[in-house]
Amino acid sequence: MEEEFIGMPRIGDLAPAFKAVTTQGNIDFPADYKGKWVILFSHPADFTPVCTSEFMTFAKMEPEFNALNCELVGLSVDGLYSHIAWLRTIKEKIEYKGMKNVEVNFPLIEDITMEVAKKYGMLQPGESNTKAVRAVFFIDPVGKIRSIIYYPLSLGRNFDELKRVVIALQTADRFDVATPADWEPGDEVIVPPAGSCGIAKDRVEGKEEGVKCYDWFFCTKSISKEEVLNGHKLEHA
Ligand code: BEZ
């Protein structure tokens, strides 16, 4: 049997637009999020354990994402009443890693027609024909997809990594730099060579203060943790 072709948006594409019903009312995506970063993520199914642990973790960390001007939007191919019942059960009954009484306040999209899941390549038939994989789309304030991470059904996401990705993308934009392996706020950043990432030529010729070059292709500079973490507050003040 021939497999249905399922398109997938790529990094640098505009986020595919859709209107949907969510646990927090109707949304027009990504128009409603103009000027904000958004993490649009899918989970395989309501009333499943790994997804439950993920929702509790995301709900607990939501204020940390919001402080980065980043909103969370979840999706599964379940219906609205299933979503509502699952989130109520989580709040009333589930305890995980010291978290309990957890209320999920970010929107969870109902996608029984799978229209949105198909648009975003969240259905990956080799993994499941009926459930979305754990996809994570990082979308910037102008609606462009800036990073995508996919996890299989059996693997719960690392939410510190998702937060690190948002901070690293914002840092790259704000300071015109790249972030090296295992970068965390406060670590040295990479000043990319001229011609890559739209970087001006004088940066690699040693004209920019504080830039250390080990060879023409490897230059670094320091940006303090405070500058990295406070920068976006100034931008959105
Ligand atoms: C889970 O969230 O636990 C799960 C969902 C679908 C398949 C396997 C695990």
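The values are calculated or read from the model by the stated rules, or taken from the named source; none is laboratory data. Since we're looking at a predicted model, the values are computed, not measured. What goes into the accessible areas is simple: the full protein's heavy atoms, side chains included, and nothing from ligands, DNA or RNA. Shrake-Rupley method; radii C 1.70, N 1.55, O 1.52, S 1.80 Å.
Counting only DSSP beta bridges whose two residues both lie in the chain, roughly 70 percent are antiparallel. Sorting Glu127, Glu71, Glu226 by solvent-accessible area of protein heavy atoms yields Glu226, Glu127, Glu71, largest first, with a 1.4 Å probe. Can you tell me what percent of all Cα-Cα pairs in region 1-112 are more than 18 Å apart? Cα-Cα pairs in region 1-112 separated by more than 18 Å: 54 percent. For the chain, the Kirkwood estimate of the hydrodynamic radius, built from every pair of different alpha carbons, is 19.3 Å. For region 67-186, the number of Lys pairs with C-alpha atoms closer than 20 Å, counting only pairs eight or more positions apart or on separate chains, is 7. Accessible-area rank, largest first, for Phe137, Phe218: Phe218, Phe137, with all protein chains present and a 1.4 angstrom probe.
For the chain, the relative contact order comes to 20 percent (Cα pairs under 8 Å, sequence separation of at least 6). Along its first, second and third principal axes, ordered by size, region 55-162 spans 34, 30, 23 Å in Cα coordinates.
Residue order by solvent-accessible surface for Asp176, Asp160 is Asp160, Asp176, largest first, with ligands and nucleic acids left out and a 1.4 Å probe.
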